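Enquirer: Please find one structure pasted underneath; my questions will follow.
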2 protein chains.
Amino acid sequence: MSDSYRQEVRDLALFAEMDMGNFEALMRGAYVQNFPPRIELITEGELPDFLHVVVSGSVDLFSTWNGRETSLATVRPVSTFILAATIRGAPYLMSARTLEKSRIVLLPSEDVRRLFDSDSVFARAIVTELSQCYRAIVKNTKDLKLRTSLERLANYLLRQRQRNGTDEFDLMMEKRRLASFLGMTPENLSRSFKGLEPFGVKVAGNHIVITDVADLMRFAKPSPLIDDDST
Amino acid sequence: MSDSYRQEVRDLALFAEMDMGNFEALMRGAYVQNFPPRIELITEGELPDFLHVVVSGSVDLFSTWNGRETSLATVRPVSTFILAATIRGAPYLMSARTLEKSRIVLLPSEDVRRLFDSDSVFARAIVTELSQCYRAIVKNTKDLKLRTSLERLANYLLRQRQRNGTDEFDLMMEKRRLASFLGMTPENLSRSFKGLEPFGVKVAGNHIVITDVADLMRFAKPSPLIDDDST
DNA sequence: TCGACGGCTTGACAATTATCAAGTGACTGC
DNA sequence: GCAGTCACTTGATAATTGTCAAGCCGTCGA
């Protein structure tokens, strides 16, 4: 494995503080793989062989039931996914597929679990990461249960504005996936974008301009307890 | 604190394996409190002072936004809640209220965080607990996004059947709260119960009889990746 | 250049879900 | 006992969301 990837993984909060010898051992068993777009990396129901780290590209976490499919999250560099399944040695609850050409570091689950047992610094880093993931999905559940689809879209746009630090930005994903992520159909997402025009949202393809932030916020009523990424 | 509560807390997976001296220290700072029904124990947005352990009674975790409210989970003895907020020292994302007369053990957050840093056995127990909570809420999100309300109710009833080990049981909560938990209105829950009659569900007040399990399963299509409590 | 493809949009319509209003029935306190 | 309360139910109606079909409009490759 090239040193640059090694360093990128080491820089993750999850691995940054762990014992260097343990980290080296973990990386010895690891390998990097390149995937083309739209490749299914893992399938829900299977047992975790590897902890995955996205080094470049992006990965969609999704789930299916009874012929329906929904997108649950997007993983962007540099971060891990399916940590909980790896730790528990329990079946994946989500499937994962690459969205674009992506480079993934694979860490054997066995090694991760063994280190989790022997390296208490690593164990603590895992707690931090897991509690972060847990809180993120709690916020997502609140978003889903307390808001209409129009309100979810409005707040999504405000969160993107916050991330980008500007009132003008491009959507980070296909609209069809955004629709799935927000829990609606592509058709309804189209109509919802129209529905936000009166509140100061201009849409041209993937390009969004928020012309009246105050007005949009008045409608969206964002809350730190749902929309803050950090806490 | 009485020895019986001390032992009940110790028996929790979260505390069972930790160093005895550390556990004793934790319990010295703890205290037990009795609450009447419908008392708000914590309010979302506040900072965690205590890790809560329900010893008897039951607690509703809920959240509000813009005048709406939704029930996210019910905590029954003996288990903890708001572990993630306590560990991160971040604001509660959910509020909690007693559903009935309840006895709660309060463990100062400071002590919990300190022990989490110094007792690696405890830290590992926390990882197990958190990953369990995380996976539970992922399942809940899939339930919400992939199923209609009728399907959610059908699968809920099958889960209760599994828990109780019998085709005849009482609902564990008020129907209004069940409705909120399942992401629907009380009116719709009423109609949904009616809608499940053709699939072998008989309802009389809080009492449920599943007269045709095979038929109900054919409709509900339960999946271990959504409906299994254990994995 | 052209046609095929795929994602997006639009309109008509249907299903699902929520809201409002009224009524039932069980329990409670005077 | 009896009125009052509250959860639950039911019906009518409205809002939201999904489905289906068709058309638009880029991109891409022949």
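Only the coordinates and a few stated rules stand behind these numbers; no lab work does. Computed from a prediction, not measured in an experiment: that's the story for all the values here. As a convention, Cβ positions derive from the backbone with ideal geometry for all residues, glycine included, and neighbour counts pool all protein chains shown.
Enquirer: Between residue B:28 and residue A:121, what's the calculated FRET efficiency when r is the beta-carbon distance and R0 is 30 Å? Round to 0.05.
Expert: Working: r = 27 Å, r/R0 = 0.91.
Efficiency computed from Cβ-Cβ geometry: 0.65.
Enquirer: Can you name the residue in chain B whose Cβ lies closest to the B-to-A rotation axis, and give that gap in whole Å?
Expert: In residue-and-Å form, the answer is B:120, 2.
Enquirer: How far is helix A:120-146 tilted, in degrees, relative to the longest principal axis of the Cα atoms in chain A, given as a value from 0 to 90 rounded to the nearest 10?
Expert: In chain A, helix A:120-146 runs at an angle near 20 degrees to the longest axis.
Enquirer: Roughly what angle does helix B:109-118 make with the longest principal axis of chain B, taking Cα atoms, 0 to 90 degrees, to the nearest 10?
Expert: That helix lies at roughly 70 degrees to the long axis.
Enquirer: Could you give the length gained by full extension between residue B:64 and residue B:167, i.e. 0.36 nm per residue of separation minus their alpha carbon distance, to one decimal place?
Expert: On the way: separation 103, 0.36 × 103 = 37.08 nm, distance 3.46 nm.
This chain segment gains 33.6 nm when fully extended.
Enquirer: List A:4, B:63 from most exposed to least, where exposure is judged by having the fewest other Cβ atoms within 10 Å. Before the final figure, lay out each step's value.
Expert: On the way: A:4 9, B:63 23.
Taking fewest neighbouring Cβ atoms as first place, the list is A:4, B:63.
Enquirer: Hey, another quick one. Within a 10 angstrom radius of the beta carbon, how do A:9, A:209 rank from fewest other beta carbons to most?
Expert: A:209, A:9
Enquirer: For residue A:206, enumerate residues with amide H under 5 Å from its amide H, sequence gap 5+ or separate chain, H modeled in the peptide plane.
Expert: When sequence neighbours closer than 5 places are left aside, there are no close amide H contacts.
Enquirer: Distance between the C-alpha centers of the stretch A:51-96 and the stretch B:108-175? Whole Å please.
Expert: When both Cα centres are located, 20 Å separates them.
Enquirer: Cα atoms only: what Rg and Dmax, in Å, come out for chain B?
Expert: So, for chain B, Rg and Dmax equal 19.1, 58 Å respectively.
Enquirer: Give, rounded to the nearest 20 debye, the magnitude of the charge dipole that the protein assembly as shown has about its Cα centre when Lys and Arg contribute +1 at Cβ and Asp and Glu contribute -1 at Cβ.
Expert: Details: 60 positive and 62 negative charges, 285 e Å.
I would put it at about 1360 debye.
Enquirer: Tell me the distances, shortest first, between residue B:148 and the same position across the other copies, using label points 7 Å along Cα→Cβ, in nm to one decimal.
Expert: Its label point is 2.2 nm from the equivalent points in the other copies.
Enquirer: Still on this structure, I have one more. Counting residues in the protein assembly as shown as N, plug N into 2.2 N^0.38 Å and put the Cα Rg over that result. Don't skip to the end; give the middle numbers.
Expert: Working: Rg = 22.9 Å, N = 462, 2.2 N^0.38 = 22.6 Å.
So the Cα radius of gyration is 1.01 times the expected 2.2 N^0.38 Å.
Enquirer: Any idea what the residue B:64 label distances to the other copies are, label 7 Å down the Cα→Cβ vector, nm, shortest first?
Expert: So the label point of residue B:64 gives 4.2 nm to the other copies.
Enquirer: Per the Kirkwood definition applied to all pairs of different Cα atoms, how many angstroms is the hydrodynamic radius of the stretch B:147-227?
Expert: Numbers: mean 1/r = 0.0802 Å⁻¹.
Evaluated over the stretch B:147-227, this radius sits at 12.5 Å.
Enquirer: Also, I was wondering about something else. Select from A:208, B:63, B:84 the residue farthest towards the positive end of the dipole of the protein assembly as shown; place +1 on Cβ of Lys and Arg, -1 on Cβ of Asp and Glu, and compute about the Cα centre.
Expert: A:208
Enquirer: Label-to-label distances across copies for residue B:78, with labels 7 Å out along Cα→Cβ, in nm, shortest first?
Expert: 4.4
Enquirer: Related question: For q = 0.17, 0.20, 0.22 Å⁻¹, what log10 I(q)/I(0) does the stretch A:97-231 give under the Debye formula with an equal point scatterer on each alpha carbon and no solvent?
Expert: For the stretch A:97-231, the Cα-only Debye profile gives -0.97, -1.19, -1.36.
Enquirer: Right, something else. Could you give the spread of the C-alpha atoms of the stretch B:1-102 along their three principal axes, from largest to smallest, in whole angstroms?
Expert: The principal-axis extents, from largest down, are 46, 29, 20 Å.
Enquirer: Now, a different point. What are the semi-axes of the equivalent ellipsoid for the stretch B:73-146, taken as the square roots of 5 times the Cα gyration tensor eigenvalues, largest first, in whole Å?
Expert: Working: eigenvalues 103, 65, 27 Å².
Here the semi-axes work out to 23, 18, 12 Å.
Enquirer: May I ask you to sort B:17, B:151 by Cβ crowding, counting other Cβ atoms within 10 Å and putting the fewest first? Present the calculation step by step, with values, prior to reporting the outcome.
Expert: Values: B:17 14, B:151 18.
With the sparsest Cβ surroundings first, the list reads B:17, B:151.
Enquirer: Normalising by the residue count of chain A, find the relative contact order in percent from Cα pairs under 8 Å and 6+ residues apart. Walk me through the numbers before you get to the answer.
Expert: Numbers: 359 pairs, mean separation 44.9, N = 231.
Computed value for chain A: 19 percent relative contact order.
Enquirer: Right, another one. What is the magnitude of the charge dipole of the stretch B:147-227 about its Cα centre, with +1 placed on the Cβ of each Lys and Arg, -1 on the Cβ of each Asp and Glu, and no other charges, expressed in debye to the nearest 20?
Expert: Dipole size: approximately 240 debye.
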